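The values are calculated or read from the model by the stated rules, or taken from the named source; none is laboratory data. Quick caveat, the model's predicted, so the values are computed rather than measured. Cβ placement follows ideal geometry from the backbone for every residue including glycine, while neighbour counts extend to all protein chains displayed.
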Ligand SMILES: Nc1ncnc2c1ncn2[C@@H]1O[C@H](COP(=O)(O)OP(=O)(O)OP(=O)(O)O)[C@@H](O)[C@H]1O
């Protein structure tokens, strides 16, 4: 068993001990009726004593009843313990995933994560609640039945001596082959989960219906499920082959036992009751041996699952709190400084465990630098507009400011403190962001807003929605604030999603505000109304406004023009417009198309 699994089980030592005791008691008792039966035949039936037949008969029934009670206690205890372990693993995994940086999720396939949290964790549960009890039970039954058998007739040791090594060799051979099949099966399953999750998300379904031919789409799915079918069949055939072989080996040993014990009865060296007991005990060996063989197969699958869960738990988050990290003050505008910042997105394989990224990620070539020597200082309470062509690195800069990624070189400072020295929770409480493609969780508008401000009352929610120019739509909806937004917020329009994201921002109290194309989906009149509502909110806060529409940033105290990850121009609107450079050309194009 792997060292990691043993360490994990170590956390449940006490309860595992109780389980072991229950299993030992239950398995030991399973041979008691046989021994009582032997005495019933020899001392009751053969001696012609009905009283003893009744006596041993009652003892037999009592032993069977006690055995039944212990079977129930052991099963119930094992299932409860297994489920508690699943609970622990799921919580650990979830907590660990919460701490992973954005990069982890950009590189991991979402379905593959779900499959770890669900399928693999359940695999571990199976090991604990059924496989381990089965192993311990089988071993104890083997020992008890074996010892009882040998105590009755040592010559039968020969039969066991022949069967055991054969059983061991066969199970080892099969489990070695099974390990690789199990690993391939689990990864094919994760692959299927991620493809289905992506394909049947709202956006995936829409895109596929527009661009992907249904037959080609189905062929890809078919290829996946055929792979899974073949692996499952392979797994089952290996298990079935092993069972058949064991049945044969044990059947041969049974035949030998019948013949030899029969001959010993004829020669008078063994009583008839002993013969019946020996044959029954030998039959008792059959189940544990078959269980042990099958269990090895389950154990291998469970260990592979546990390894896949551990793999994520062992993957340290790329971005985390420094031991001496500081809290930022909660109020006042903040001074933000980008100092010679360079950045390149790391390859997927450096962001996540390879099995979560998928095979194609291994072939990914480096994409090259996105920001180079970027420097900018934003004084407390100042609003800076950031413009530039698509792909010039504007959103990347915003993500670096909330430490979704860490800079490659250079520093980003808030009030003179390097971001890497600030507690992540404190940093993210201090920065309010409306992203380019805002996301809403499936649920009600109210639930989405309360996520940002759990304490907000109805009045606050309405006030924020009014300011974000979304209250009209909410008020007109039959369910008002309890209107469902659908998966990813896809049951509301793009512009409504943006305004709900702005309302969510307005419910918080950040020192720094980032608006990344936050009003790009709105018509001019609505955008202006939202801008008017945002102006008092932005007052006194340090703001970074990213926009393609120059009107959105026109009033900013400073406008920075980016091109290929560098600052190419900066100044006020009037200054830049008069310079006749990049910004002026952009401004002219806007005027022409307006
Ligand atoms: N997670 C990522 N992994 C790898 N490359 C990325 C990632 N995100 C963005 N990029 C690349 O980084 C570059 C800058 O992207 P960014 O989103 O910062 O540009 P932008 O100026 O905000 O563009 P737009 O105006 O289109 O929103 C682009 O070339 C983009 O392809």
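Here residue 109 meets each of (1) in contact (Cβ under 8 Å) with a residue 12 or more places away in the chain; (2) farther than 19 Å from residue 291 by Cα; (3) away from the ligand (no atom under 16 Å from the Cβ) with one exception, condition (3).
Only residues that are touching a helix residue (DSSP H, G or I) at 6+ places or on another chain (Cβ under 9 Å) and at pLDDT 85 or above were counted across the range 354-372, and they come to 2.
Counting only residues that are without any contact (Cβ under 8 Å) to a residue 40 or more places away in the chain, in a loop (DSSP other than H, G, I, E, B) and away from the ligand (no atom under 14 Å from the Cβ), the range 323-372 holds 1 of them. Taken residue by residue, the range 483-500 has at least one member that is in contact with a helix residue (DSSP H, G or I) (Cβ under 6 Å, 6 or more places away or on another chain) and either under 25 Å from residue 383 (Cβ atoms) or within 16 Å of the ligand (Cβ to nearest atom) (or both). From the list 413, 440, the lone residue that is more than 16 Å from the ligand (Cβ to nearest atom), in a loop (DSSP other than H, G, I, E, B) and crowded, with 17+ Cβ neighbours inside 10 Å is 440. The test for being surrounded by 22 or more Cβ atoms within 10 Å (Cβ to Cβ) and within 22 Å of residue 111 (Cα to Cα) does not hold for residue 358. Could you list, in sequence order, all residues of the range 373-402 that are more than 9 Å from the ligand (Cβ to nearest atom), in contact with a helix residue (DSSP H, G or I) (Cβ under 8 Å, 6 or more places away or on another chain) and in a loop (DSSP other than H, G, I, E, B)? If the condition is that a residue be more than 9 Å from the ligand (Cβ to nearest atom), in contact with a helix residue (DSSP H, G or I) (Cβ under 8 Å, 6 or more places away or on another chain) and in a loop (DSSP other than H, G, I, E, B), then 402 is the only one that fits. The single residue among 419, 400 that is touching a strand residue (DSSP E or B) at 6+ places or on another chain (Cβ under 7 Å) and free of Cβ contacts under 8 Å to residues at least 40 places away in the same chain turns out to be 419. Only one entry in 545, 561, 568, 513 is more than 30 Å from residue 331 (Cα to Cα) and not in a helix (DSSP H, G or I), namely 568. All of 447, 425 fail the test of being away from the ligand (no atom under 16 Å from the Cβ), under 26 Å from residue 485 (Cα atoms), at pLDDT below 95 and under 26 Å from the mean Cα position of the chain (by Cα), apart from 447. Checking 138, 170, 188, 134 one by one, the residue that is closer than 30 Å to residue 264 by Cα, in contact with a helix residue (DSSP H, G or I) (Cβ under 8 Å, 6 or more places away or on another chain) and in contact (Cβ under 8 Å) with a residue 12 or more places away in the chain is 138 and no other.
Within the range 460-473, not a single residue is at pLDDT below 95, part of a loop (DSSP other than H, G, I, E, B), surrounded by fewer than 22 Cβ atoms within 10 Å (Cβ to Cβ) and out of contact with any strand residue (DSSP E or B) (no Cβ under 7 Å at 6 or more places or on another chain). Please determine whether any residue of the range 217-225 is loosely packed, with under 15 Cβ neighbours inside 10 Å and either modelled with pLDDT under 85 or not in a helix (DSSP H, G or I) (or both). No: the range 217-225 contains no residue that is loosely packed, with under 15 Cβ neighbours inside 10 Å and either modelled with pLDDT under 85 or not in a helix (DSSP H, G or I) (or both).
One residue alone among 530, 545, 568, 513 is on the phi < 0 side of the Ramachandran plot, crowded, with 16+ Cβ neighbours inside 10 Å and within 15 Å of the ligand (Cβ to nearest atom), and that residue is 545. I'd like the full set of residues that are free of Cβ contacts under 8 Å to residues at least 12 places away in the same chain and either farther than 20 Å from residue 182 by Cβ or surrounded by 14 or more Cβ atoms within 10 Å (Cβ to Cβ) (or both), limited to the range 228-243. The answer is 230, and nothing else. Does residue 428 satisfy being in a helix (DSSP H, G or I) and touching a helix residue (DSSP H, G or I) at 6+ places or on another chain (Cβ under 9 Å)? For residue 428, the condition - in a helix (DSSP H, G or I) and touching a helix residue (DSSP H, G or I) at 6+ places or on another chain (Cβ under 9 Å) - is not met. Taken over the range 153-170, the criterion of being more than 14 Å from residue 250 (Cβ to Cβ) and at pLDDT below 70 is satisfied by 157, 158.
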